[in-house]
Amino acid sequence: MIENMQLGRLANGLASNNITFFHSELEMSAGIPCKLYKINENYQGIQEEHAHDYIQIWYVTKGQFKHCINNQQYMMVAGNLFVIPPYAVHRVEWNFGEVEIIGCEFLPDFINDRYGQLPLDKDFFDYAYLEQFLTTEDKVTPKITLTGTIDQKVSHILMEMLEEYSERRSYYELILKGNLLKLLSLIIREFRKDTVKDMGDKLDKYRPLINVAVDYIHNYYNEEIRLDHMCKITMLSKTYFCDLFKYFTGKTLTDYLLDLRIKKSTELLLQPGLTITEVCFKVGFNDLTYFSRIFKKHTGLSPSYYKKYAMKSS
């Protein structure tokens, strides 16, 4: 677990380098595991190395400062943003005049309280919002540059969150959570857009690997296919695999697999000797109710109606 690894790193740092640690129980006093604030004017806050047990997002609206992490320094200016995971040691250097920053800090269980359960289940839906950010400090993306429409959207979301947090009107917690999910989604888009963009001429190198993945899916679509296994057979990280698979196929792994299974099921439903239940299991679904729901979502018809209609029209 990242938390255990970073706690060990942090414990050593506290003893030898006097690292300051900020704890959510003291920093988040609104009764929810989330905090919004604005830093402005000539801020001269903490400059020594520090860490915290929550995720921190800083978005720069004015001025500049240095962000230091993993023995590297990055000049942050208006339109820049960074996301720091729990227990990552970092620091900032000011002394560059007036600055304005919107800060958002939250614990993972603000999105879904299942984050508090160990071991962390990576298969449930909300994990996708944080997988990019639950990492060690040596893998942190220390600076994201936002421009144009995306910059305006992020600024608007954070300002609305800051207003809701400050006024705390009815249901503000739900509005904060909804906006946070949207904010994280936009940031992930920028991460992944940059990942694919940076590949450049490397794309041709990865095409055969994705072809291997596609061939595997077509050969074993009726079995359980997991992202971890696809990454293993292509020797790609999860982020690279997901980005490349979407780039070459136009679909996520899940959508591609579902589309293929439904396509195969429409072919099998034409066979008079097969029941709907048999078709369900033959194409890789393990639950008839789920199969029926997905089939109708894709075709607009229930499997039973489709089978009856297809049989009569053939």
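Scan region 76-90 residue by residue and report those that are assigned to a loop (DSSP other than H, G, I, E, B) and open to solvent by 10 Å² or more (accessible area, probe 1.4 Å).
Correct list: 78, 86, 87.
Pairs please, first residue from region 216-242 and more than 16 Å from residue 282 (Cα to Cα) and modelled with pLDDT under 95, second anywhere and open to solvent by less than 40 Å² (accessible area, probe 1.4 Å) and not hydrophobic (A, V, I, L, M, F, W, C), Cβ atoms under 9 Å, 6+ apart in sequence or on different chains.
Listed pairs, sorted by first residue: 234/206; 236/206; 239/195; 240/195; 240/206; 240/234; 241/234.
For region 208-229, does any single residue satisfy the condition of being among the hydroxyl-bearing types (Ser, Thr, Tyr), within 25 Å of residue 298 (Cβ to Cβ) and under 20 Å from the mean Cα position of the chain (by Cα)?
No, region 208-229 has no match at all.
So which of 92, 83, 77 ends up being at pLDDT 80 or above, closer than 21 Å to residue 27 by Cβ and either over 19 Å from the mean Cα position of the chain (by Cα) or of a type in the set (S, T, N, Q) (or both)?
Answer to the check: 92.
Which residues, taken from region 268-303, are in a helix (DSSP H, G or I), open to solvent by 70 Å² or more (accessible area, probe 1.4 Å) and more than 17 Å from residue 217 (Cα to Cα)?
278, 289, 290, 293, 296, 297, 298
Kindly evaluate residue 227 against the criterion of being out of contact with any Asp or Glu (no Cβ under 8 Å at 6 or more places or on another chain), open to solvent by 30 Å² or more (accessible area, probe 1.4 Å) and closer than 25 Å to residue 203 by Cα.
In short, yes.
Please identify the pairs in which a residue from region 13-25 that is modelled with pLDDT under 75 has its Cβ atom under 9 Å from the Cβ atom of a residue that is in a helix (DSSP H, G or I) and not small (Gly, Ala, Ser), counting only partners at least 6 apart or on another chain.
none
The values are calculated or read from the model by the stated rules, or taken from the named source; none is laboratory data. Everything quoted here is computed from the prediction, not taken from an experiment. Please note: Cβ atoms are built from the backbone with ideal geometry, for glycine as well, and neighbour counts cover all protein chains shown. Keep in mind that these areas ignore ligands, DNA and RNA; they rest on the heavy atoms of the full protein, side chains included. Shrake-Rupley method; radii C 1.70, N 1.55, O 1.52, S 1.80 Å.
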